[in-house]
1. Taking the Cβ of each residue in H46, H122, H163 as the centre, tally the other Cβ atoms inside 10 Å and list the residues starting with the fewest.
2. What ranking do W72, W149, W158 get, fewest neighbouring Cβ atoms within 10 angstrom at the top?
3. Cα-Cα pairs above 14 Å in region 1-66: how many percent?
4. If neighbour count is taken as other Cβ atoms inside 10 Å, put M50, M67 in order from fewest to most.
5. Assuming R0 = 45 Å, what is the FRET efficiency of E166 and K132, from their Cβ-Cβ distance, to the nearest 0.05?
Amino acid sequence: MGAEGYLTDIIYNFRYIGLFLLLTCGLIGLPIPDEILMTFSGFQVHLGRMDFTTTIFVAAAGSFLGMNVSYWIGRYIGPPVLKKIGPFLHITDKRIHRAEKWFRRFGDYLILFGYYLPGFRHLTAYFSGMSKLRYSRYVALAGVGAFIWALTFVSLGWVLGEHWHEISFISRRYLILGCIAVVVIALSAYFYNLKKSVSFGKHRR
């Protein structure tokens with residue numbers, strides 16, 4: 001049995017508590033297959049062992065807590081310390097630089113939709129903290145994003161039933177579409193704001 005099997009066993013045996021704790025750890029940066037665990041939880045809903053609504057809220061709460069822990073870590077330790085502890089959280093310098101570049105351009109959208117980007121989502125939380133983003137704003141974006149993310153994968157597991165393990169193939173395809181959607185939304189918002197700023201400048205003249 002691989003690591004994935006042990007993790008799904010935790011959810012099988014401890015259900016909501018297991019799901020909550022594993023997702024919290026995953027969003028802090030530990031190497032945990034979050035989407036697979038949520039999909040497996042959806043399969044447990046399919047079997048009648050877990051409740052659909054409760055599972056979604058528990059998954060969202062665990063993810064949300066992990067993102068908040070990451071936010072405060074980023075807020076208090078700063079970039080130098082993050083680079084030092086990065087290897088323990090599977091965060092490479094390349095990922096940090098890439099995330100920093102994207103965060104400067106599309107911060108709000110990455111917090112909201114970055115959950116769909118494995119190895120990247122928790123970095124948006126760290127950079128939100130390091131950039132001193134207003135906490136009330138961060139909480140709103142991270143909370144909505146966590147709920148949508150949980151709803152997506154728990155629902156997939158519920159619908160797929162015994163084929164829940166096929167999520168690895170589906171999520172790769174879904175991830176590509178998700179990335180495209182994020183980029184399109186972010187670019188649209190960027191050019192809209194740019195156009196708005198130019199128009200405002202002309203009116204002032």
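1. Ordered by Cβ neighbours within 10 Å, fewest first: H163, H46, H122.
2. Working: W72 13, W149 26, W158 21.
With the sparsest Cβ surroundings first, the list reads W72, W158, W149.
3. Details: 1057 of 2145 pairs.
More than 14 Å apart: 49 percent of the Cα pairs in region 1-66.
4. Working: M50 22, M67 29.
So the residues, fewest neighbours to most, are M50, M67.
5. Values: r = 42 Å, r/R0 = 0.93.
It comes out at approximately 0.60.
No lab work stands behind these numbers, since they all come straight from the coordinates. Just so it is clear, the model here is predicted, and its values are computed rather than measured. As a convention, Cβ positions derive from the backbone with ideal geometry for all residues, glycine included, and neighbour counts pool all protein chains shown.
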